[in-house]
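What follows is one structure encoded as C-alpha cells, with my remarks underneath.
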Amino acid sequence: MSPSVSPAPSFETPASEAQPSAHPRPIAVLVDREGLGDSLLKLPFLRAVRRAYPDHPVWWIATHQTSMARELAPFMRPLLANVIENAGITTPPLPVIANLRKLPPFEMVFDSRTRGLTVLLARLFLKHRGFYCCLPGYLFSSRRPPGRFSRPRGIAARMLSLAEAAIGGPADWEGGLPVSDAARAFAAATLPDGATYVGLAPGSREPRKNWPRERFAALAERLAASGRTPVVFIGPQETAVRDELRRAAPSAIFPDTTARLELAVAIAERLAAAVANDSGIGHLLAATRTPLVSLFGPTEVARWAPFTRHGIVVSAKDFGGDTMEHIPVDAAFAAVETLLAQDGRPGR
C-alpha cells in the first residue's frame, strides 16, 4: 500500500486506515524537519518496528517537512501507511494540544524530538498504550532499552534504542532499499560486469561539508591509476565538479541519476566501495550497504556518521583541523583500499 501524504496539518484518519476497535491500532513516529540524510538515519529503526509489529500500520508525523514524503516516498510504500507533514505539534502549546487530541489512538508512540516540553505534551495528550522518546535518561518513556541508562549519541543508534525499549530486546534492522527491474537494468548497462567501480559523491547541501573538488579529482586520478573505475554522483548544480573530475580521470563514469532516486540506489548496488561527504547521498550509499568512506570536517562524527557495518570515517580532526581542507588525498585513498581488501568481492 502506498503511504498517503498529508502536506498540511490534517489529522483525519484516512478511509483506508479507519479501524474498528478490534483492529490493530497504528504506531506513531514523531519527527522534526527531516532532510534525506536525517530520514535515512531513522530507516533502520523503521524496519525494526515494522518487523516487530507487522500488523500495526505506521504513521510518520513531521513537525515540518520530511523526506519520507518526498525523495524517499517510493521506497516507503511497504513501510508507512500515512505521512503527515507540517503537523503543528511543536508550538505554541494550546494549538499543539488541540492538534494532538485530533489524532487517533495509537498502539505506541515513538518521539524522536529532543525538546522537553513538546515531548511532554505528546506524552500527555496523545492516546497511546506505550510511549518512547529520546530525552536524556529516557525521561517520559514507558521503559528504557534493556541494560541502557543513557541514550546513544548517534541519531540512528538512538532511534534503534527506542525500538529496543518497546521490543524488550535486540531489534532486527538490517536491509536495503527496494529497486525496480528497470532501474537495475539501467545500472547494469551503465556499469557492466568486469570492472571494480568506486563511487565518488563530491556534493552536499552545505559547502562547509564539501571536500575540495580538486581533492576529489586527485582521488579519482589515483583510483583510475590503480585499475579502478570512478563512478561520480553529480547533482544538477555541480557541473564545475563534473568538468574537473572528467579532466582528472577521463575513464570516470558519470551516470545520470537525477531523474529518480532509485537510479542512484541501483548504481550504488554495483559499487565495490564509495567515498562521500557528510551528506544525504552518503547516507543513501550506507543504506544500500555499499562499503563507504565518509569524509567529516566541521560536523560531529559521533552524531551524524552514516549507519553501516562496512564503513570508515576519515575526519579532519585526525589531521589537526576541523575543515575539510585538512583531509589529505592519501588518507581517503588508503581508506578505500582498506574497504576493498575487507570486502573481498570480485570486480564488477
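Derivation of every value follows stated rules applied to the coordinates shown; laboratory data play no part. In this text the structure is predicted, and so the values were computed from the model without any measurement. Quick reminder, even Gly has a Cβ in these numbers, built from the backbone with ideal geometry, and neighbours come from all protein chains shown.
Exactly one residue among Ala249, Ala287 is in contact (Cβ under 8 Å) with a residue 24 or more places away in the chain and over 19 Å from Ala334 (Cβ atoms), and that residue is Ala287. Which residues, taken from region 192-207, are among the aliphatic types (A, V, I, L, M) and over 13 Å from Phe233 (Cα atoms)? Hit for region 192-207 is Ala195, nothing else.
So Ala224 passes all but one of these: (1) hydrophobic (A, V, I, L, M, F, W, C); (2) crowded, with 18+ Cβ neighbours inside 10 Å; (3) over 28 Å from Ala73 (Cβ atoms); (4) touching a strand residue (DSSP E or B) at 6+ places or on another chain (Cβ under 9 Å). Which condition number does it fail? Exception for Ala224: condition (2).
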